[in-house]
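> Could you have a look at this structure, given as C-alpha cells, before my questions?
The values are calculated or read from the model by the stated rules, or taken from the named source; none is laboratory data. Just so you know, these numbers come straight off a predicted model, no measurement behind them. Cβ atoms come from the backbone with ideal geometry, glycine included; neighbour counts cover every protein chain shown. Protein only, heavy atoms only, side chains kept; ligands, DNA and RNA dropped before computing areas. Shrake-Rupley method; radii C 1.70, N 1.55, O 1.52, S 1.80 Å.
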Amino acid sequence: MEKKNWKALNRQELSPEQKIGLLLCANLNHGENDLEYALTMIREHRLGSVWVPFHLANRDDIIRRVREAADYPVLIMCDAENGYPGYEIPSAISLSATSAKDIYARAFGRLTSTLYARLGYNTVCNPILDRKKINSPCGGNTRSMSPDKEIVARLGAEIIRGMHEGGTLSVAKHYPSPQKLKPYDSHMREGFAEDTRDELIEDALYPYIKINEEGLLDGVMVGHVLLPNIDPELPASLSRPVMDILRELGFNGFYMSDALMMMGVALKYGNYKPTAMAVAAGCDLPLSWGITCKEAYDVLLEAYREGSITEEQLELSVGHVLAAQEKIERLPQGAEILPEDIECVKRISRECISGVIEEGLAPSISRDGKHLFIIMVDSSLPAEQEFDAFAVDWYKPKAIESRIRELFPNSDAVTHPNFPNAKQNYFLFKRQEKYDDIVYITYYKSEAFIGKECLTRRTVDIMDALQSANRIAAHLHFGNPFVATDAPYIPRVLLGLGSEECVMYTLDILAGKAELVGTQPYAEHLHFHKKGDIL
C-alpha cells in the first residue's frame, strides 16, 4: 500500500482525554456507527490502535478509511498465526518439524508481513511463543512451534526478523506461556498454572527474554491464565505482578491483552470492567472485543477520572504506544514478494509430515493391494458439505477419496462419521470383510469453545474393534498429534497437519511416491499404545 507521510504525535501537546484514547485497541467489527466514532477519534488524535479482522467483508474499505482519517501512524492490527490465505503454513508446529526450520521461519515471517503490509496492516500478531508438552485445547499443541525453549526462541526471532523485513511490527503471544498449565480452554473458563516467578523466568519466559535481548520484541499479547503463586486473585491479563516480571527483565515494548470477551475473563468480570482493569495493571492496549469502541473509551475515561488508572500508568502506557507508532515509520515500505519465500512456505506442508512406524516396516503400503480407506468426517455437518466453514478449509473428504482412487486403483474409500449410529457401524464392519486390510484416516479441527482435543469414544471403539483382528495397516492423522494417541496400537502411523497439501502429500507417502522426511517435535511427549495394550 502506498506510503503515507505520518507525523508523530507530541505527547506534551496531548490532553488526558487524548492519551486515554491512545490506550485503546478498537475492534472495528461493530457496524458503521461505531466505525464512524473510531474515525472521529482518529481525527481528534485520541485512538492508538484498531483491530481489523482479516475476513471482514469490508476490510479493505475500513483500512482505507482509517488511513485517510489518520495523520499519525495508528497501529492497524490483525492476527496471522498461520500466515496469509493462499500462502499459509499448516500450523506453527510445522516449522520445527522440518530440517530447514530457521530458513523457513524467516521466509514465513517475511512473506506473511509483506502480504499483510500490502493491505495496509502495520502490526501483525505472530509469533506464538507458547510451549506445550501435554495435550492442550484450542490448538495449543499445533499452535506451539516446539516444546523446546531454545527452538522456540530461535524460530521466534527469525520470524520477527522476517516480519520487520516485510514491513510490520510483531506481537508475540500468549505471555507468560506457563509450563505447569492445566488443560483448560480460556475461551470457556479461567485456566490456571502452578508456575512460580522463578520457574517462569527460568523456563516459560526464556523465548521472550532471548528475543527481547536481541532488540526484536515489539509487542506482547497477555493471556488470561491465573498464576496463584504470583497473583492469587487476578489472571495474567489483569495482573500487575505478572506483567511486571517481563518489565523488570528489560521489556519496554507494548503489552496488549488477548480478547477480553473470552470467558477466561468475562465469566468473572463481565464485558466492561476488564478493559480498565487491564490498563490499571499495566496493559497498554486492552483488546475489548465484546464492546464497542465508544463503550471501551468511556470505560477507560471513567476509570482514569476515578483514579483506578493512575497518572503514572497513563504516561507509561502512552509512551509505549507512541514508541510503537514511531517504530512503524522506521520499517521498510513496499517490500517485494520473493519467489523463494513462496517456495519455502509451500515446502513446509510437504516436509512437516512425521511417522511412528513399527521397526522393519516402510511408511508405504502396496499400491496394488485391496485396501479399504475409512475417512472420518464430522457428523454434525450435512453429507454434501466437505468442511466446516467456521474452520480452515483443508480437510476435504471428496478430494481425499479422489486421490486415494488415483494412487490405489484396487482399493476403495468410504466416509464414516465421528459419532456413528449402530446401523452405520454394522454396515461398515460388513463392508470391510471384502478387503485385505484397512487404512483409517482421522483429523482434529482445533477451535475455541470445544475443550479437550481427542478422538470421539465411538471412533476409538471402532478402531479398537477392527484392530483386535489386526485389520488396520495404517493410521493417517491430521492435526494435533496427541489426538492420534487415543487410537489403539497400529503398526504404521503417519502424522500430518492442517493444510490440504499436507493431507494429499501424506497419501503420496503412503503410496511410496514421496519420502517421509519430517521429524515429530513432540516425539518424547507422545505415548502411543503398544501392541497388546487393552484400551
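> What number of residues in the stretch 89-106 are surrounded by fewer than 24 Cβ atoms within 10 Å (Cβ to Cβ) and either within 16 Å of the chain's Cα centre (by Cα) or aliphatic (A, V, I, L, M) (or both)?
2
> Any chance you could count how many residues in the stretch 402-443 are open to solvent by 30 Å² or more (accessible area, probe 1.4 Å), closer than 30 Å to H187 by Cβ and hydroxyl-bearing (S, T, Y)?
Final tally of qualifying residues: 1.
> I'd like to check something: does the stretch 91-110 contain any residue that is touching a strand residue (DSSP E or B) at 6+ places or on another chain (Cβ under 8 Å) and of a type in the set (V, I, T)?
Within the stretch 91-110, none of the residues are touching a strand residue (DSSP E or B) at 6+ places or on another chain (Cβ under 8 Å) and of a type in the set (V, I, T).
> Filter the stretch 465-506 down to the residues that are open to solvent by less than 10 Å² (accessible area, probe 1.4 Å), within 30 Å of the chain's Cα centre (by Cα) and free of Cβ contacts under 8 Å to residues at least 40 places away in the same chain and list them by number.
H475, L476, H477
> Separate question: Filter the stretch 2-51 down to residues that are at positive phi and at pLDDT below 95, then give me how many there are.
Counting residues in the stretch 2-51 that are at positive phi and at pLDDT below 95 gives 1.
> So which residues in the stretch 439-458 are farther than 28 Å from R403 by Cα and aromatic (F, W, Y), if there are any at all?
F449
> Restricting attention to the stretch 227-241, report how many residues are crowded, with 24+ Cβ neighbours inside 10 Å and not in a helix (DSSP H, G or I).
So the answer is 3.
> Would you tally the residues in the stretch 334-355 being in contact with a Lys or Arg (Cβ under 8 Å, 6 or more places away or on another chain) and open to solvent by 10 Å² or more (accessible area, probe 1.4 Å)? Give the steps one after another, and end with the answer.
The first filter runs over the stretch 334-355 and keeps only residues in contact with a Lys or Arg (Cβ under 8 Å, 6 or more places away or on another chain), leaving 334-335, 338, 341, 355.
Subsequent filtering for residues that are open to solvent by 10 Å² or more (accessible area, probe 1.4 Å) retains 334-335, 338, 355.
Here the count works out to 4.
> Let me ask something additional. Hey, can you tell me all the residues within the stretch 247-258 that are among the aliphatic types (A, V, I, L, M) and surrounded by fewer than 23 Cβ atoms within 10 Å (Cβ to Cβ)?
Within the stretch 247-258, L249 is the sole residue that qualifies.
> While we're looking at this one, here's another question. Can you spot a residue in the stretch 161-184 that is modelled with pLDDT under 95, among the aliphatic types (A, V, I, L, M) and assigned to a loop (DSSP other than H, G, I, E, B)?
Among the residues of the stretch 161-184, not one is modelled with pLDDT under 95, among the aliphatic types (A, V, I, L, M) and assigned to a loop (DSSP other than H, G, I, E, B), which makes the answer no.
> Only one residue in D244, D218 is open to solvent by less than 10 Å² (accessible area, probe 1.4 Å), more than 15 Å from S177 (Cβ to Cβ) and acidic (D, E), so which one is that?
From the options D244, D218, the qualifying one is D218.
> Still on this structure, please answer the following. Out of curiosity, is E190 assigned to a loop (DSSP other than H, G, I, E, B) and in contact with a strand residue (DSSP E or B) (Cβ under 6 Å, 6 or more places away or on another chain)?
On the way: assigned to a loop (DSSP other than H, G, I, E, B): yes; in contact with a strand residue (DSSP E or B) (Cβ under 6 Å, 6 or more places away or on another chain): yes.
Considered against the rule, which asks whether it is assigned to a loop (DSSP other than H, G, I, E, B) and in contact with a strand residue (DSSP E or B) (Cβ under 6 Å, 6 or more places away or on another chain), E190 comes out as yes.
> Identify, from the list L246, L217, the residue that is assigned to a helix (DSSP H, G or I), modelled with pLDDT of 95 or more and either within 16 Å of V171 (Cβ to Cβ) or among the hydroxyl-bearing types (S, T, Y) (or both).
The match here is L246.
> Determine the pairs where a residue that is over 14 Å from W289 (Cα atoms), located within the stretch 10-38, has a partner that is open to solvent by 70 Å² or more (accessible area, probe 1.4 Å) and in a helix (DSSP H, G or I) with Cβ atoms under 7 Å apart, the partner being 6 or more residues away or on another chain.
Close Cβ pairs satisfying both conditions: Y37/K294.
> Are any residues in the stretch 249-268 in a loop (DSSP other than H, G, I, E, B) and of a type in the set (D, E, K, R), and if so, which ones?
Selection gives D258 alone.
> Being part of a loop (DSSP other than H, G, I, E, B) and either among the small types (G, A, S) or open to solvent by less than 10 Å² (accessible area, probe 1.4 Å) (or both) is the filter here; which residues of the stretch 269-316 pass it?
G270, A281, G282, C283, D284, P286, S288, G290, I291, G307, S308, I309
> Tell me which residues, restricted to the stretch 204-214, are under 24 Å from the mean Cα position of the chain (by Cα) and not in a loop (DSSP other than H, G, I, E, B).
Once the filter is applied, which keeps residues that are under 24 Å from the mean Cα position of the chain (by Cα) and not in a loop (DSSP other than H, G, I, E, B), the stretch 204-214 yields A204, Y206, P207, Y208, I209, K210, I211, N212.
> Evaluate the following for K133: is it of a type in the set (K, R) and at pLDDT 95 or above?
The answer is no for K133.
> Search the stretch 510-527 for residues that are within 18 Å of G140 (Cβ to Cβ) and among the small types (G, A, S) and pair each with any residue that is modelled with pLDDT of 95 or more and not in a loop (DSSP other than H, G, I, E, B) when their beta-carbon atoms are under 6 Å apart and the residues are at least 6 apart or on different chains.
Sorted first by the residue in the stretch 510-527, then by its partner, the list stays empty.
> When the residues of the stretch 317-333 are narrowed to those that are crowded, with 21+ Cβ neighbours inside 10 Å and of a type in the set (S, T, N, Q), which ends up nearest to Q12 (Cα to Cα)?
Looking at the filtered set, the residue picked out is S317.
> Within the stretch 437-455, track down each residue that is of a type in the set (V, I, T) and under 18 Å from the mean Cα position of the chain (by Cα).
Answer for the stretch 437-455, where residues must be of a type in the set (V, I, T) and under 18 Å from the mean Cα position of the chain (by Cα): just I450.
> State yes or no: is R154 open to solvent by 10 Å² or more (accessible area, probe 1.4 Å), basic (K, R), touching a residue at least 12 places away in the same chain (Cβ under 8 Å) and part of a helix (DSSP H, G or I)?
The answer is yes for R154.
> Do any residues in the stretch 61-88 that are among the small types (G, A, S) have Cβ atoms under 7 Å from those of residues that are open to solvent by 40 Å² or more (accessible area, probe 1.4 Å), where the two are at least six apart or on different chains, and which pairs are they?
What qualifies is A69/R43.
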